[in-house]
Each structure stands twice: as C-alpha cells, then as structure tokens.
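The values are calculated or read from the model by the stated rules, or taken from the named source; none is laboratory data. Predicted, not measured: the structure shown is a model, and the values here were computed from it. Cβ placement follows ideal geometry from the backbone for every residue including glycine, while neighbour counts extend to all protein chains displayed. Quick note on the areas: whole protein, heavy atoms, side chains included, nothing else; ligands and nucleic acids left out. Shrake-Rupley method; radii C 1.70, N 1.55, O 1.52, S 1.80 Å.
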Amino acid sequence: MQNTYRTIATPYDMFCAGHAALPDGSLLVAGGTAAYPSTIGNLDYRGSNHAYRFNLATHNYVKVPDLDEGHWYPTLVNRGDGKVIMVSGLDQNGVLQSNAQTFDPTANAGTGGWTPQQTTASFLPPYPALHLMADGRFLFSGVYTFGDG
C-alpha cells in the first residue's frame, strides 16, 4: 500500500457536522456550519441542513435530501438496522434543539432519505454521546462536546 493523499473538495462547510458509516461502506455527513458568530451581534453558530454521502470508491460526495432544519454539532448513531438517527445541535437560528430524524439509505431507490422530524427529549446538548444498547434503546452517557454534565 502506498502513502498517497488526495484533495477532495467538500460541497459545503462540514465543520461540526455529524458522521456515521452506512452498511454499503459510504459515510453519511449531516449538519454542519451555516454561519459563524460575528462581531456585529450574532453570538451563535448557525446549523446547516445539508446532508451528503461520501462514496469511498469514487471519492465523491453525493447529495442526499436535506434535513428539515439546521444542525450544528448533531450526533449521528447507527441504529443497528442499517438506518441512522440524527439528533441535537443548534438549528439555523442558533437555537439548541433536540429534534431527531432517521436516515434510511435504501429509501428513494437507494439514494437515501430522511423521516420527518420528531421531537425527542426536552434537552440534549450539542453532540451528545449516544450509544446504541442491545435492546435498541439509546443511552445518553451525559458526555457532550462542551462539558460532561
């Protein structure tokens, strides 16, 4: 194996996006940064609603449907059935929310698709550490990007 590197352009600002491996070996990337804090009063990051699959064979990002709202620092977790749940993060207005959507990579003739957004817990911090348990439930360990509450 050679030590080779490639420069791969990203289609949007994926800083603080969530990532999860899909059963076909591609990588799901969702959310990210739509806007940064500014010196003119905007004190919050704004979440992006974009989502892509990264195809390892072609080294390309492939667009999938957008999320219902922006998510800056979301968590993406494999559900164990080939689907991925996405939850939390700052929305497009910079407001922390705990809404969730599920990505099904087999929807839309294999291009993938999201379920409609659902409200989850009353509070989940940005990028919460969620773990799939053997019975299909998720455990929030209390650890997250900006603390260990």
Measure off 7 Å from each Cα along the Cα-to-Cβ vector at L27 and L43, then give the distance between these two points in nanometres to one decimal.
-> 3.4 nm
Under the Karplus relation 6.51 cos²θ - 1.76 cosθ + 1.60, θ = phi - 60°, what is the ordered set of whole-Hz ³J(HN,Hα) values for the stretch 59-69, x standing for Gly and Pro?
-> 6, 10, 8, 10, 5, 10, x, 5, 6, 5, 8
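Between H131 and L56, what is the FRET efficiency for a Förster distance of 25 Å, r being their Cβ-Cβ separation, to the nearest 0.05? Walk me through the numbers on the way to the answer.
Values: r = 25 Å, r/R0 = 1.00.
It comes out at approximately 0.50.
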Considering the chain as a Gaussian network with a 10 Å cut-off on Cα pairs, which listed residue, T33, T115, T58, attains the greatest mean-square fluctuation?
-> T58
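Just to verify a number: FRET efficiency for D81 and T10, C-beta to C-beta distance, R0 = 25 Å, to 0.05? If you can, show how the numbers build up before the last one.
Numbers: r = 29 Å, r/R0 = 1.14.
Computed FRET efficiency for D81 and T10 comes out at 0.30.
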Once fully extended, how much extra length lies between T120 and A107, figured as 0.36 nm per residue of separation less the alpha-carbon to alpha-carbon distance?
-> 2.4 nm
Residue with peak Gaussian network fluctuation, the chain [Cα springs, cutoff 10 Å], from F123, F54, F15 | F123
Accessible area per residue in Å² at 1.4 Å probe, computed on the chain | 56 Å²
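How long are the semi-axes of the equivalent ellipsoid of the chain, defined as square roots of 5 times the Cα gyration tensor eigenvalues? Whole Å, largest first. Write out the running numbers ahead of the final one.
Values: eigenvalues 114, 85, 46 Å².
The answer is 24, 21, 15 Å, longest axis first.
Near D91, within a Cβ-to-Cβ distance under 9 Å, what is the net charge of the other residues, with Lys and Arg +1 and Asp and Glu -1?
Values: positive: R46; negative: E69.
Here the count lands on 0.
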In deg cm²/dmol, rounded to the nearest 500, the helical mean residue ellipticity at 222 nm of the chain, built from -39500 (n - 2.57) for every DSSP H run of length 4 or more, is -500 deg cm²/dmol
Using only alpha carbon pairs under 8 Å that are at least six residues apart, calculate the relative contact order of the stretch 66-113 and give it in whole percent.
-> 29 percent
What's the carbon and sulfur percent of the stretch 53-134's accessible surface, probe 1.4 angstrom, rounded to a whole number?
-> 55 percent
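If you put +1 on each Lys and Arg Cβ and -1 on each Asp and Glu Cβ, how big is the dipole of the chain around its Cα centre, in Debye rounded to 20? Write out the running numbers ahead of the final one.
Details: 7 positive and 11 negative charges, 59 e Å.
Using only the charged Cβ atoms, the result is roughly 280 debye.
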Square roots of 5 times each gyration tensor eigenvalue, C-alpha, the stretch 4-61, largest first, Å = 27, 13, 7
